Amino acid sequence: MMEEKAHERLEFGMALAATAGGLDAYTYLVHGEVFAGLQTGNFILLGVHLGQGHLDALIHYLVPILAFAAGALLARYLQTKIIKDQQLWFLGFEMVLLLLIGIFSPHLPNLLANALLSIAAATQLQEFQRLKGKPFTSLMMTGNLRNLSTNFFEGYIKHESAKRIAFRDTLSILISFVVGAFLNGFLVTYLDQRTILFSLIFLSIAVFLLIKDKRAFH
């Protein structure tokens, strides 16, 4: 049996999910009620506001949507150019963006802050797409919620042991996402626009896991 890659392990996915939950909570609470990663939410809010005649909402929600698309495009391009330590490079890129926002957020317009964090979310989604060898997303929990239900059925009603493990893994991802959002929601009262810096802890854990794995093979 092949050993799992560090960036496909459960604890790594949990760190990414906590980061993603924190990103969306932060931009929603601090930068004008938009989402950095959950573009479905931005499309819904865009439609709702336009339907109510709030035409000024177009740019407000379109910027993070287009920035996310541009971030995914940039990430795909970089994947063709970066050969060595690709996962570390992407995590480093995301950490730099979060650090810049955390430091300069009080001086940045919401549109720019949201655009940069949407790019960060897009690069995370593009680079890290598997958990234990299976398709995975750390940003959108709808698919994970569906998987939770189907894995529960297969694991605990059809008695497939592998699906019981998958159920527990998926539940861990969902809880991690909520924890990331909860912590940002709690800390924003005290840290305000600096709250995003807290998410660097989760990304640092992911970096640590990657470096630890690389050292184990040398």
(message) Just to be sure I understand, how many residues within the stretch 1-30 are surrounded by fewer than 24 Cβ atoms within 10 Å (Cβ to Cβ) and farther than 21 Å from Ser172 by Cα?
(response) 5
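Here's a check for you: in the stretch 186-206, which residue that is of a type outside the set (D, E, K, R) and more than 15 Å from the chain's Cα centre (by Cα) is most open to solvent (accessible area, probe 1.4 Å)?
Of all residues in the stretch 186-206, those of a type outside the set (D, E, K, R) come to 186-191, 193, 195-206.
After this cut, where a residue has to be more than 15 Å from the chain's Cα centre (by Cα) as well, the list is 186-191, 193, 195.
Working: Phe186: 106, Leu187: 33, Val188: 30, Thr189: 109, Tyr190: 156, Leu191: 76, Gln193: 45, Thr195: 1 Å².
Checked the stretch 186-206; the qualifying residue most open to solvent (accessible area, probe 1.4 Å) is Tyr190.
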(request) Quick one: count up the residues across the stretch 13-41 that are part of a helix (DSSP H, G or I) and under 22 Å from Phe128 (Cα atoms). (result) 18
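Quick check on the stretch 42-56: of everything there that is under 24 Å from the mean Cα position of the chain (by Cα) and not polar (S, T, N, Q), which residue is least open to solvent (accessible area, probe 1.4 Å)? Quick ask: steps written out before the conclusion?
Taking the stretch 42-56 as the starting set, the residues that turn out to be under 24 Å from the mean Cα position of the chain (by Cα) are 42-47.
After this cut, where a residue has to be not polar (S, T, N, Q) as well, the list is 43-47.
Numbers: Phe43: 120, Ile44: 101, Leu45: 44, Leu46: 18, Gly47: 44 Å².
This residue is Leu46.
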(request) May I ask you to list the residues in the stretch 149-159 that are at negative phi, surrounded by fewer than 15 Cβ atoms within 10 Å (Cβ to Cβ) and of a type outside the set (Lys, Arg)? (result) Ser149, Thr150, Phe153, Tyr156, Ile157
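Of the residues that sit in the stretch 65-94 and are of a type in the set (Val, Ile, Thr) and assigned to a helix (DSSP H, G or I), which one is surrounded by the fewest Cβ atoms within 10 Å (Cβ to Cβ)?
First, the residues of the stretch 65-94 that are of a type in the set (Val, Ile, Thr): 65, 80, 82-83.
If we keep only those that are assigned to a helix (DSSP H, G or I) too, we end up with 65, 80.
Working: Ile65: 18, Thr80: 7.
By that ranking, first place goes to Thr80.
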(request) Filter the stretch 175-185 for residues that are closer than 17 Å to Leu148 by Cβ and over 12 Å from the mean Cα position of the chain (by Cα) and give the result. (result) Ile175, Val179
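Is it true that some residue in the stretch 47-60 is in contact with a Phe, Trp or Tyr (Cβ under 8 Å, 6 or more places away or on another chain) and either polar (S, T, N, Q) or in a helix (DSSP H, G or I) (or both)? Walk me through how you get there before you give the answer.
Going residue by residue through the stretch 47-60, those that are in contact with a Phe, Trp or Tyr (Cβ under 8 Å, 6 or more places away or on another chain) are 49.
After this cut, where a residue has to be either polar (S, T, N, Q) or in a helix (DSSP H, G or I) (or both) as well, the list is 49.
Within the stretch 47-60 (the criterion being in contact with a Phe, Trp or Tyr (Cβ under 8 Å, 6 or more places away or on another chain) and either polar (S, T, N, Q) or in a helix (DSSP H, G or I) (or both)), the answer is yes, since at least one residue qualifies.
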(request) List every residue pair whose Cβ atoms sit under 6 Å apart, with the two residues 6 or more apart in sequence or on different chains, where the first one lies in the stretch 29-53 and is touching a residue at least 40 places away in the same chain (Cβ under 8 Å) and under 14 Å from Leu66 (Cα atoms) and the second, anywhere, is part of a loop (DSSP other than H, G, I, E, B) and hydrophobic (A, V, I, L, M, F, W, C). (result) Gly37/Leu139
(message) Looking at the stretch 177-218 only, could you name the residues that are over 22 Å from Val34 (Cβ atoms) and of a type in the set (Ser, Thr, Tyr)?
(response) Tyr190, Ser204
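The values are calculated or read from the model by the stated rules, or taken from the named source; none is laboratory data. Quick caveat, the model's predicted, so the values are computed rather than measured. All Cβ positions, even for glycine, are placed from backbone atoms using ideal geometry, and neighbour counts span all protein chains on display. Just the protein is used for accessible areas: all its heavy atoms, side chains included, with ligands, DNA and RNA removed. Shrake-Rupley method; radii C 1.70, N 1.55, O 1.52, S 1.80 Å.
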